[in-house]
Amino acid sequence: MSNALLRYWKLHKVSLLLSLLCGLLYYAFGYHLERSEFTKLFILYALLFFLCYKLIQFEKWNFRVLLVLGLIFRLILFFSIPNLSQDFYRFLWDGHLVIAGQNPYLFTPADLPEDLDSLIPLSEYLLNGMGPLSASHFSNYPPLSQLLYGVSVWLGGGKVMGSLLVMRTILLLADLGIFYFGRKLLKLLNRSPHLIFWYFLNPLVIVELTGNVHFEGLMLFFLLYAVYLIHSGKWVPAALVMSLSVSVKLIPLMFLPLFFKTFGILRGGLFNSMVVLGVLITAIPFLHPQFSENYAATLSLWFSNFEFNASIYNVVKNLGNRIDIKPWEMIKTYGRIFPFLVILWVGVLSCLKRNKTSGGLILSMLFILTFYFLLAPTVHPWYIISLVILCLFTDFRFPLVWSAALVLSYTAYRTDPEVVESMGFLIVEYLSVYGFLIYELFKLRSFNSIIPKN
């Protein structure tokens, strides 16, 4: 062993051993874990989160090493079949329809006409994989996501593993883009650039994006790039990039009112018009008289039918049960009120002067999404990745606590395929989140960090 390697080993042997252990744990996570094995899942995830913390602590100024480690951990999962989410079956189904020239918004998988069934190889395998809930509803994935599913299936030769490899490559490139622009933006905002590793090495990010191929990573890349362009004074390109973010996932639509304060009424209106126009352009291949009706019907289900890992909604439901309100009546009533509360909150935060600066704009985005997820009836673990990246540009770190505690939501799958949530575990999860959020608010000495005095 050369002197240089020996010296490096002496200096970094603990980190190298931790990295090796991390790699083995990711291998076990990707290839030797079933979603119903909660105890095993919890131990693997807890160890990975602890090792993530220690690696950042020991090597936070060694950017190349941590960057390479983040890439290696992702590559370990490249040939695994997603084991914590069934969504990828629907991605592949929609992708097959797209490359066959069919509109994925017009048919539910369960009601696909027989003459089109032959267009989807392994259709029975995909239907069984996605489950009856997904198969009975229209697709809810926005236009750019649908196009990327089609590209993935086409480049993957119509094979499951080939398509997954293409999707993971797209998401890996998106994570590298988040790393690049996130680090630059942290420097511009006078924050330590090593904070980006709390995203890049976060087990939630690696497992849910690379492992389970959720496209939140691509949405966040476009969002972060748009904020960087806004900070650089390039608002027209920023609007175009922002439209791509919305066309991957609709969540950034909630941020559009903020830009009226960022740019002023006239330019803010132009910015938002360009974003909406960009989204409509990506939707052109799918336009059809039934498109808006089917898509709106699917989106409404997230507010009035589905529930998972909820916070405030579960409290309201429990109170409703005590006064004899039926659960299905409760979620429908809650689903009608919830969007108006979110709109009101967005309106309040959109009026703040701090939105004129990039740091203030990101802080408003963070608390819009925080409010939304705390009230939402459905909060899948990968949703919180948006909070993880946004919080790094602020003084708040409660999303990092949330990203660790989210593993408790997977207790619902101990009886897989039946989903049965454990209220005890959800209470522990949300007590840690609310507790740390309140702690941080008092640590900052006032609630003006959320709604400052203009």
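The values are calculated or read from the model by the stated rules, or taken from the named source; none is laboratory data. Note that the structure is predicted; figures quoted are calculated from it, not measured. Note that each Cβ is placed from the backbone with ideal geometry, even for glycine, and that neighbours are counted across all protein chains shown. Remember, those area values only see protein heavy atoms, side chains included, never the ligands or the DNA or RNA. Shrake-Rupley method; radii C 1.70, N 1.55, O 1.52, S 1.80 Å.
Summary of values
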quantity: Largest-first ellipsoid semi-axes for segment 1-94, taking √(5λ) over the Cα gyration tensor eigenvalues, angstrom; calculated: 31, 15, 11
quantity: Cα-centre dipole for segment 136-276 with unit charges at Cβ (Lys and Arg positive, Asp and Glu negative), debye to 20; calculated: 380 debye
quantity: Rough spin-label spacing in nm, given labels placed 7 Å along Cα→Cβ, for Asp416 and Ser136; calculated: 2.2 nm
quantity: Table column - 3J(HN,Hα) (Hz), segment 127-132, Karplus curve with 6.51, -1.76, 1.60, x for Gly and Pro; calculated: 4, 5, x, 6, x, x
quantity: Rg [Å, one decimal], Dmax [Å, integer] - the chain, C-alpha atoms; calculated: 22.1, 75
quantity: Prolate/oblate/rounded call for segment 305-425, Cα gyration tensor, a/c under 1.5 rounded; calculated: oblate
quantity: For Thr378, residues with placed amide H under 5 Å, excluding near neighbours; calculated: Phe308
quantity: Where the chain is the region considered: accessible area per residue in Å², 1.4 Å probe; calculated: 44 Å²
quantity: Greater than 24 Å apart at Cα, pairs in Lys10/Lys187; Lys187/Lys356; Lys54/Lys249; calculated: Lys10/Lys187; Lys54/Lys249
quantity: Built amide H within the under 5 Å cut-off of Arg414, gap 5+; calculated: Val420
quantity: Surface share of carbon and sulfur [accessible, 1.4 angstrom probe, percent] for segment 84-225; calculated: 60 percent
quantity: Label-to-label distance, nm, for residues given as Asn62 and Leu374 (7 Å Cα→Cβ offset); calculated: 3.9 nm
quantity: Relative packing of peptides 128-141, 416-429 - highest average C-beta neighbours within 10 Å first; calculated: 128-141, 416-429
quantity: Leading residue at positive end of dipole, the chain (Cβ point charges), from Ala283, Met254, Leu133; calculated: Met254
quantity: Val236 accessible area, assembled protein chains, probe 1.4 Å, Å²; calculated: 60 Å²
quantity: Calculated FRET efficiency for the pair Lys234/Ile265, C-beta based, R₀ 35 Å, to 0.05; calculated: 0.95
quantity: Dipole magnitude of the chain, debye to nearest 20 (Cβ charges: Lys/Arg +1, Asp/Glu -1, about Cα centre); calculated: 2460 debye
quantity: FRET efficiency, Glu124 to Trp154 (Cβ-Cβ, R0 22 Å, nearest 0.05); calculated: 0.55
quantity: Helix-only [θ]222 nm of the chain, DSSP H runs n ≥ 4, -39500 (n - 2.57) each, per residue, nearest 500; calculated: -21500 deg cm²/dmol
quantity: Accessible-area composition of segment 302-454, carbon plus sulfur, in percent [1.4 Å probe]; calculated: 68 percent
quantity: Order by protection proxy (mean Cβ within 10 Å, highest first), peptides 369-378, 45-54; calculated: 369-378, 45-54
quantity: Among 351-358, 218-225, the order from most to least packed when residues are scored by Cβ within 10 Å on average; calculated: 218-225, 351-358
quantity: Length-normalised contact order for segment 253-398 - Cα pairs under 8 Å, 6+ apart - percent; calculated: 34 percent
quantity: Förster-model FRET efficiency, 56 Å R0, His288 and Lys187, C-beta, rounded to 0.05; calculated: 0.75
quantity: As computed over segment 82-159, the Cα convex hull volume per residue (Å³); calculated: 88 Å³
quantity: Centroid-to-centroid separation of segment 81-149 and segment 282-335 [C-alpha atoms, Å]; calculated: 21 Å
